[in-house]
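Only one structure is covered here, and it is reproduced in the block below.
The values are calculated or read from the model by the stated rules, or taken from the named source; none is laboratory data. From a predicted model like this one, the values you see are computed outputs, not experimental measurements. All Cβ positions, even for glycine, are placed from backbone atoms using ideal geometry, and neighbour counts span all protein chains on display.
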Amino acid sequence: MNHRGHQTLQNSSIHRTVLPNGMVVIAVENTAADIIAARIFVRAGGLWEPPSQAGISHLLAAVMTKGTARLSSLEIAEQVESVGASLSTDSTTDYFLLSIKTVTADFANLLELAAELLTAPSFPTAEVELERRLTLQGIRSQQEQPFSVAFEMLRQGMYCLHPYGFSSLGSEETVANLGRDDLCLFHQNHFRPDNTVISIAGNMPPEECIELVERVFGQWQAPSVPIVAPQLPIVKVNPTVVRQAQETQQAIVMLGYLAPPVQFDSVNASGAKVWQSSLPSDYAAIKLLNTYLGNGLSSRLFVELREKRGLAYDVSAFYPTRLEPAMFVVYIGTAPENAAIALEGLRTEVERLRTIELTPEELLASKNKLLGQYALGKQTNSQIAQVLGWYETLGLGIEFDNRFPAEISAISAAIANEAARRYFTEPYISIVGPASALQKTDAVLPSYRY
């Protein structure tokens, strides 16, 4: 039985439907331009990769558009480019993604092509080998970039054997052993309608969108075997220090803290995860602190460490949304002779969040910046389709689009301070730079480095 419903996004109506085969369809009508964007999410990203096959999602995404049982790589490209459309594939830690954008008149044809790519890719052996070699080149290139090296060391230190500890490209060892048979088996296990979400925004009534999706994907049936959940190791807090000497123009210093995933309070009678608490989540509080500390030219890190002290070529913070425990990272690129001072500066600024509450002015400015950027991130059809499909795929539901701004607005200085004290304890530390710079950090590194 189909489950149909709708909710409101600003001035639009969001329609959510579950097809008989288990595929979730989200449709939003936007008549501002004669364009339609679609995002097709499959729960088949890095989280579902065994350690011995790290990088298989990336390789699969690179090869999926290179052929089907009926079409060659060139024929697929011509079908897309002949109408000025775009079609691409990508993979992340938490999902696989196929993206489409085209004029309304061509949407049905592009959607049929997308369905063929998703359900019947041929993974030509020559294309698999080519993309595998390109991936290996990309991995080697990352090993020459100080930021990538520092982040790789930090990530591995924080997550160990958890999939979040691996690069999305994989490693030279794992990618070298991947072949066509591995891609076919991974596709067979994870690409199924009851593991798929399609989100559509554009100049088409939602009812027509849903009917079109049901016509195109309706024959795609889910296997009788249940979806295999990833078997994930528990992520434990065990701060470490990792350093690597590399003759570079600047030293890269990173501090990482394990931070909350997107969390849920309970499960309702239908099995859906729902929010119940009237208080903002730790996730929302850390998002706000990330904005205050490292988002943009007015952020605390930029003003204090770059503008006032002249320590930074680049300085920022990031906190990605994740299904599993996330990472909150602050980093700085600095002159090698300033590595120790920069490390102390980063630690001081994060520690300040634990000991001093944000002023009313700082709190309001951070909320306005975060909510403004959030609103600006949902202007185009592509952005709307991405946001709503992403929330559904992560298990948040489309109602999270209204829930998140409400939570941000409700955060007090005390709530933000409590979240900082809970998560920003001892950091994981990663440093890359000339040997002379590493030596200067000895005196300020914590004792647990050994």
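For the reader, a short list of remarks on this structure follows.
- Test: S122 is over 28 Å from A229 (Cα atoms), surrounded by 15 or more Cβ atoms within 10 Å (Cβ to Cβ) and modelled with pLDDT of 95 or more: no
- Residue within segment 394-403 that is farther than 21 Å from A37 by Cα and more than 19 Å from the chain's Cα centre (by Cα) present: yes
- S171 surrounded by 14 or more Cβ atoms within 10 Å (Cβ to Cβ) and either in contact (Cβ under 8 Å) with a residue 60 or more places away in the chain or not β-branched (V, I, T) (or both): yes
- Of the residues making up segment 154-180, those that are within 19 Å of the chain's Cα centre (by Cα), among the hydrophobic types (A, V, I, L, M, F, W, C) and part of a helix (DSSP H, G or I) are L154, M158.
- In summary, helices (runs of 4 or more DSSP H) completely within segment 278-391 and bearing 2 or more residues that are farther than 30 Å from L47 by Cβ, among the charged types (D, E, K, R) and touching a residue at least 60 places away in the same chain (Cβ under 8 Å) occur at 339-355, 360-376.
- Options I35, I14; residue that is at pLDDT 95 or above and either crowded, with 20+ Cβ neighbours inside 10 Å or under 26 Å from the mean Cα position of the chain (by Cα) (or both): I35
- Positions within segment 368-386 being surrounded by 12 or more Cβ atoms within 10 Å (Cβ to Cβ) and either under 15 Å from N402 (Cα atoms) or aromatic (F, W, Y) (or both), in sequence order: L370, L371, Q373, Y374, G377, K378, I384
- Failed criterion for E129 (all others in (1) outside any helix (DSSP H, G or I); (2) surrounded by fewer than 16 Cβ atoms within 10 Å (Cβ to Cβ) hold): (1)
- Qualifying residue in segment 69-80 (condition: crowded, with 20+ Cβ neighbours inside 10 Å, touching a strand residue (DSSP E or B) at 6+ places or on another chain (Cβ under 8 Å) and at positive phi): no
- Selection over segment 196-228 of residues that are touching a Phe, Trp or Tyr at 6+ places or on another chain (Cβ under 9 Å) and closer than 26 Å to L47 by Cβ gives a count of 6.
- Residues in segment 400-450 that are hydroxyl-bearing (S, T, Y) and assigned to a helix (DSSP H, G or I) were compared, and the one that is farthest from S148 (Cα to Cα) is S409.
- Considering segment 234-244, the residues that are in contact with a Ser or Thr (Cβ under 9 Å, 6 or more places away or on another chain) and of a type in the set (A, V, I, L, M) include one that is farthest from L445 (Cα to Cα), namely V237.
- The set of residues from segment 234-270 being within 25 Å of the chain's Cα centre (by Cα) and modelled with pLDDT under 90 comprises V262, Q263, F264, D265, S266, V267.
- Restricting segment 219-233 to residues that are within 27 Å of the chain's Cα centre (by Cα) and touching a residue at least 12 places away in the same chain (Cβ under 8 Å), the residue that is surrounded by the fewest Cβ atoms within 10 Å (Cβ to Cβ) is V228.
- Residues of segment 204-224 that turn out to be in a helix (DSSP H, G or I) and under 21 Å from D34 (Cα atoms), as a count: 8
- Cβ-Cβ under 9 Å pairs, at least 6 apart or on other chains, segment 422-446 side basic (K, R), far side part of a loop (DSSP other than H, G, I, E, B) and at pLDDT 90 or above: R422/P260
- The one condition in (1) assigned to a strand (DSSP E or B); (2) at pLDDT 95 or above that E75 fails to fulfil: (1)
- If you go through segment 305-343 and pick out every residue that is of a type outside the set (S, T, Y), within 14 Å of V253 (Cβ to Cβ) and surrounded by 15 or more Cβ atoms within 10 Å (Cβ to Cβ), you end up with 18.
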